[in-house]
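Just below is one structure, and these are the notes that go with it.
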Amino acid sequence: MRFGQILPLAAFAVESAVAAAVCKTSPLDTSSLVKKLSAGAYILNSTSAAFADAAARWSSLDAPVPNLIVVPATEQDVVQTVLFANKQNVPFLATNGAHGSVTSLGGLQGGIEIYLTQLSSIDISADGTTVTVAGGVHSKNLTDALWAANKQTVTGTCECVSYLGPGLGGGHGWLQGHHGLVSDQFLSLNVVLASGELVTVSETSNPDLFWSMRGAGHNFGIVTSVTSKIYDVEFPNYAIQTVTFSGDQVEAAYTLANELFLPGGVSTQPATFSQWSYWFFEPELDASGPVLQFYLIEEGVDAVNATVVDAFNAISPLSSVPATGTYLDLAAWTGIDISAGPCQKIGNAYPRFPIYLTQYDPAAVRNAYTLFKEMTTANGSLFTGSLFLFEGYSQEGVKAPGDDATAFAYRADNILGAPMIAYTPDGTAALDQTAANWGTQMRNALWAGASAEGSVGSYASLHSYVNYAFGDETQDSWYGEDAWRQTKLTSLKKQYDPKGVFSFYAPIKA
Ligand SMILES: Cc1cc2nc3c(=O)[nH]c(=O)nc-3n(C[C@H](O)[C@H](O)[C@H](O)COP(=O)(O)OP(=O)(O)OC[C@H]3O[C@@H](n4cnc5c(N)ncnc54)[C@H](O)[C@@H]3O)c2cc1C
């Protein structure tokens with residue numbers, strides 16, 4: 001099922017305006033809520049035909065399981081739903097692109113999902129410098145709307161992921177080399193707090209909460225809209241070189257990537273350049289083991305820098321294929337457009353095990369590759385469809401504001417690595433545990449390299465991106481080990497969410 005097909009849900013609004021009837025089998029009496037919701041809002045209970053679609057998740061591992069889904073049409077509907085849930089003392093969770101996969105989400109068993117899909121407006125300011133994006137907008141909708149006006153901003157790269165899900169955890173995207181993270185574009189946010197109060201959060205109105213919304217935002221409220229910076233499209237054209245290696249080229253390929261992009265652990269990638277690599281087992285490409293597929297992506301050119309391409313071609317890839325297009329082609333080129341696998345919800349589990357790195361440690365990468373090969377190619381492997389990914393965006397714009405600028409803790413690192421274990425659950429905890437063991441071992445292989453004494457950028461704690469987190473990492477690992485960060489976040493959590501109602505996504509302890 002394509003994610004886009006969920007949109008006809010809007011048709012339900014009509015029948016659900018009489019939501020009290022819809023909810024009659026729910027243990028919750030929603031009549032007091034229904035009276036307060038706007039005409040466009042609706043409620044689904046588990047017997048509603050559209051409930052399963054609205055509750056569907058990208059990853060089925062430890063997914064939240066609601067009793068009831070409220071689909072607000074206005075920000076006041078979100079306010080009323082939070083007030084109702086608080087009064088009834090039932091847990092609630094905002095849901096959006098449904099691509100969150102941290103296992104703490106599974107803590108919602110029963111309770112209310114507040115599905116933001118109807119909060120979908122996108123308004124560009126008259127002077128063309130900002131856009132106000134409603135809380136339920138997805139990346140593709142925003143990219144397309146801005147593109148039509150010859151504008152752009154930093155969004156997540158995957159078309160079916162929401163704009164705010166990534167942004168509240170920092171948010172990586174193709175344009176971060178120019179402008180910084182997704183959240184670095186935020187100017188102000190309308191937020192429904194744990195108390196149900198609706199506030200506007202900005203640098204001037206509430207600097208501490210504004211700081212926390214940009215990296216740890218899932219812990220502090222439901223964003224009904226955000227106003228972000230936008231930019232004129234300067235370089236519409238892009239080029240990609242897709243270079244595929246067999247596994248015996250691990251050391252050669254990643255040593256070269258260090259030399260070209262990360263000499264001495266310092267990112268020298270210009271704002272116009274991204275280098276990603278995926279590992280996957282595709283016997284038609286290489287029956288002997290998973291391939292390493294590099295995506296060398298450059299903005300504003302019709303062919304990727306010849307020095308870079310020649311250097312990769314010189315180490316004997318299986319293939320090296322150029323293509324040209326525009327910014328709008330990037331998602332399809334990297335397999336994360338609306339029609340690609342990651343945008344389908346087919347009941348599979350996809351735990352990831354992220355780690356930030358300053359550069360590639362070829363020996364550690366080899367160890368991770370050996371494990372990945374064993375996992376994907378073993379006879380009868382249940383994990384053959386897994387993917388290992390390294391995202392090497394330009395870091396220029398990310399480092400510019402300074403390490404302490406927001407709650408996102410890892411501006412000093414350069415690469416985001418993560419094995420993603422793909423499998424069809426069999427209903428046993430044993431299979432989930434086996435998958436987790438593989439993921440942990442692979443991440444530990446990279447971590448061993450990153451934490452080794454004398455390694456470039458050596459660090460002892462695990463740096464993990466909260467938005468890719470598996471769920472067993474520590475709070476330090478999600479939000480940074482600096483004591484001042486933890487103290488600040490804990491104190492803000494105590495102030496704004498003392499009861500921990502926003503504790504299903506990489507929770508900060510109050
Ligand atoms: C295929 C794929 C591609 C990805 N690509 C990127 C990428 O390019 N860059 C990147 O940084 N990350 C990326 N991610 C990770 C992504 O940031 C997280 O998975 C994120 O949680 C997804 O948000 P969602 O709204 O789609 O998911 P959901 O599961 O609906 O939401 C995730 C969390 O965000 C909260 N949330 C969502 N919207 C709001 C809101 N308006 N107000 C308050 N809380 C809200 C939810 O309550 C939930 O806790 C990707 C993930 C996948 C699976």
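The values are calculated or read from the model by the stated rules, or taken from the named source; none is laboratory data. Worth saying up front: this structure is predicted, and the values here are computed from it rather than measured. Cβ: placed from backbone, ideal geometry, glycine included. Neighbour counts: every protein chain shown. Ligands, DNA and RNA are stripped out before the accessible areas are found, and what is left, the full protein with its side chains, is counted by its heavy atoms. Shrake-Rupley method; radii C 1.70, N 1.55, O 1.52, S 1.80 Å.
A few notes on this one:
- Summary of packing: across the peptides 30-42, 189-201, the per-residue average of other C-beta atoms within 10 Å ranks them, highest first, as 189-201, 30-42.
- Assuming charge only on the beta carbon of Lys and Arg (+1) and of Asp and Glu (-1), the dipole of the chain about its Cα centre is about 1520 debye to the nearest 20.
- Between the helical axis of 250-261 and the longest alpha-carbon principal axis of the chain there is an angle of about 80 degrees.
- Loop-located GluC sites (Glu not before Pro) across segment 406-503 with a Cβ neighbour count of 16 or fewer within 10 Å are 453, 481, with loop assigned by DSSP.
- Look at the Cα gyration tensor of the chain: its axes a ≥ b ≥ c give a/c of at least 1.5 with a/b over b/c, and that counts as prolate.
- Degrees, to the nearest 10: 139-148 long Cα axis against longest axis of the chain: 80 degrees
- In the context of the full set of protein chains, the chain has a per residue accessible area of 36 Å² (1.4 Å probe).
- Solvent-accessible area of segment 369-510 (1.4 angstrom probe, protein heavy atoms only): carbon and sulfur portion equals 55 percent.
- Here the dipole of segment 122-232 is about 160 debye; that uses its Cα centre as origin and unit charges on the Cβ of Lys and Arg (positive) and Asp and Glu (negative).
- Most positive-pole-ward Cα, 157, 58, 315, against dipole of the chain from beta carbon charges: 58
- Shape class for segment 237-478: rounded, because the ratio a/c of the largest to smallest gyration tensor axis (alpha-carbon atoms, square roots of eigenvalues) is under 1.5.
- Using the average count of surrounding beta-carbon atoms within 10 Å as a protection proxy, the listed peptides 241-247, 258-264, 351-357 rank, highest first, as 351-357, 241-247, 258-264.
- Taking the centroid of alpha carbons for each part, segment 379-419 and segment 110-137 are 26 Å apart.
- Cross-link partners of residue 373 among lysines (Cα-Cα below 27 Å; sequence separation of 8 or more within a chain): 345
- Accessible area in the full protein assembly, largest first, 1.4 Å probe, for 463, 178: 178, 463
- The alpha-carbon of residue 151 sits under 30 angstrom from the alpha-carbons of these lysines, leaving out residues fewer than 8 places away in its chain: 140, 229, 399.
- Residue pairs, from the table 488/509; 35/87; 36/493; 36/87, whose Cα atoms sit over 18 Å apart: 36/493
- The chain: angle of helix 429-451 to the longest principal axis, Cα-based, in degrees nearest 10: 50 degrees
- Between segment 306-357 and segment 41-82, the alpha-carbon centres lie 32 Å apart.
- Cβ-derived FRET efficiency at R0 35 Å, residue 460 paired with residue 430, nearest 0.05: 0.65
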